[in-house]
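This report refers to the structure that appears directly beneath it.
The values are calculated or read from the model by the stated rules, or taken from the named source; none is laboratory data. Computed from a prediction, not measured in an experiment: that's the story for all the values here. Reconstructed Cβ throughout: ideal geometry from the backbone, glycine too, with neighbour counts over all protein chains shown.
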Amino acid sequence: MYQVNNRINITSPDHLAMLRERFSNATESMSRVPGFVSFRLLEAEDGSHILVETVFKSKEDFRAWVESDHFKRAHGGRTGDADGPDLSSYYVRMT
């Protein structure tokens, strides 16, 4: 499996509320993506950022999603950067 974490800094309470709403249906929406395994949204205890954790069956599944129309719709028409500065990725070795 392949996990990608996206750290998003929170700039205001309204920003956090918008992100909570935006991700509220992520698991349901992502369930249609080939290779999708799981999704979690974590909020930092100090309120400084959220961490979006998404797990795919493989790195190739993740990269295919980043290039997909589904990704563009979920991100306001933007294409993805699978190696972006706020992303970290991992091969899941044990669960």
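Worth a mention:
- If the condition is being among the small types (Gly, Ala, Ser) and modelled with pLDDT of 95 or more, then the range 18-47 contributes Gly35, Ser38, Ala44.
- Within the range 45-69, the residues that satisfy the criterion of being within 24 Å of Asp14 (Cβ to Cβ), in contact (Cβ under 8 Å) with a residue 24 or more places away in the chain and not in a strand (DSSP E or B) are Gly47, Ser48.
- Whichever residue in the range 1-17 is loosely packed, with under 13 Cβ neighbours inside 10 Å and more than 15 Å from the chain's Cα centre (by Cα) and, among such residues, is nearest to Lys57 (Cα to Cα): Ala17
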